[in-house]
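First the structure, in the form of structure tokens, and then the observations on it.
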Amino acid sequence: MLRQLHISDGKLVESHNGEAVVFVYIAPDENERKYLVEQLKIDEHTLSSSLDPDELSRLEFEPEHIAMIFKRPTRYRAEDNFLFKVGSAGVFVFKNFLVIVISEDAPLFEGRPFTKVQSIQDIFLRLIYRAIIHFVEHIRGINAVSSELEQYIYTSMENKHLLNLFTLEKSLVYYLNAITSNGVLIEKLKNNAAKMGFTQENIEFLDDILIENNQCHRQAEIYSQVLASLMDARASIVGNNLNIRIKTLTLITIAIMLPTLVVSIFSMNVKIPLAWHENAFWIITGLAASSALLVISAWWHKRW
């Protein structure tokens, strides 16, 4: 699918009259890929890298354009089961236009960063900045979800919530790798500012992006360390909850077993005391109840 946009009053708007300066290819089909490779001279491997979620961020200078791959978080879905995934996006900077290739539709140009766009350089710098903001939003969401899961773990006897925490921890590892990769890309952009045609304002904004990316990396690192360090304790809590339930069931079994023993003794087919007593039934019932109360009293007194 192809989206075409142009700059109008500092904003990106849809274009249908041939004035587009930004072309967004969403999961390009065979014909679109052929056009990008043969007509725009985009390297086929680089084009495939734009759709590969495992590809690292990088910057390459081609004869007719500049190729850039950066990492961004993908949209979270319920079927992902607490796994926050990372995707890649390809940006190909030509003299008068910009080509963006992504694997799935995403709100690339939303938010405050795209309210004052003046040039192609502004657009792809703000794309990176928007990806960083998106990472921060997801990291905060992961922290909120992990805090909620902790409350379930305190009373849980199952591994389900613990496994969900493991999945969140794995998501943070993926995010850390992606954010680090984006940091390398930002440094390369800064070192090649002249080749990229950056203005002084672009360079200052690039410094801000680098700071934001470092802060994002630090935040993800802290959450990852906290989550990892508390994993063993949370696993112990689940095991301890299970032990408490087993102990409780064992005591209940003993409390039931003693009255059963008393009744069984007096039910044997032999001559036993109280056989002809008119209140034998109530006496035996009282003995059975007393044995159960004895276990309960011991349980309460020992605080088992």
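Every number here is computed from the coordinates shown, using simple stated rules; none is lab data. None of the values given here were measured: they were computed from a predicted structure. We place every Cβ from the backbone using ideal geometry, glycine too, and count neighbours over all the protein chains shown.
Taking the alpha-carbon set of the range 2-229, what are its Rg and Dmax in Å?
Rg then Dmax for the range 2-229, in Å: 18.9, 62.
Residue by residue, what Karplus-based ³J(HN,Hα) values in Hz, rounded to whole numbers, does the range 71-86 have, using 6.51, -1.76 and 1.60 with θ = phi - 60° and x for Gly and Pro?
9, 8, x, 8, 5, 7, 10, 4, 6, 6, 6, 6, 9, 8, 9, 10
Could you work out how much longer the chain between N214 and Q200 gets when fully extended? Use 0.36 nm per residue separation minus the Cα distance between them, nm to one decimal.
Between N214 and Q200, full extension yields an extra 2.9 nm.
Straight distance only, please: which lysines reach the Cα of K41 with their own Cα at less than 20 Å, same-chain residues fewer than 8 apart left out?
K95, K195
What relative contact order, as a whole-number percentage, does the chain give when Cα pairs under 8 Å and 6 or more residues apart are counted?
RCO, the chain: 15 percent.
Under a plain spin-label model, where a point goes 7 Å from the Cα along Cα-to-Cβ, how far apart in nm are Y35 and V263?
Computed distance between label sites Y35 and V263 equals 8.3 nm.
For H301 and I26, calculate 0.36 nm times their separation in residues minus their Cα-Cα distance, and state this gained length in nm to one decimal.
Gain on extension, H301 to I26, equals 92.1 nm.
If I require 18 Å or longer along the helix axis, counting alpha carbons, and a Kyte-Doolittle average no lower than 0.0, what helices from the chain are left? Use full DSSP H segments.
120-153, 160-191, 231-266, 280-302
Note down the net charge around K190, summing +1 for each Lys or Arg and -1 for each Asp or Glu among other residues with Cβ under 12 Å from its Cβ.
That sum, taken over residues with Cβ under 12 Å, equals -2.
What order, most packed first, do the peptides 16-26, 120-130 have when packing is the mean number of other Cβ atoms within 10 Å of each residue? Kindly include the intermediate steps, with their values, before the conclusion.
Values: 16-26: 15.7, 120-130: 21.7.
Order by mean packing, descending: 120-130, 16-26.
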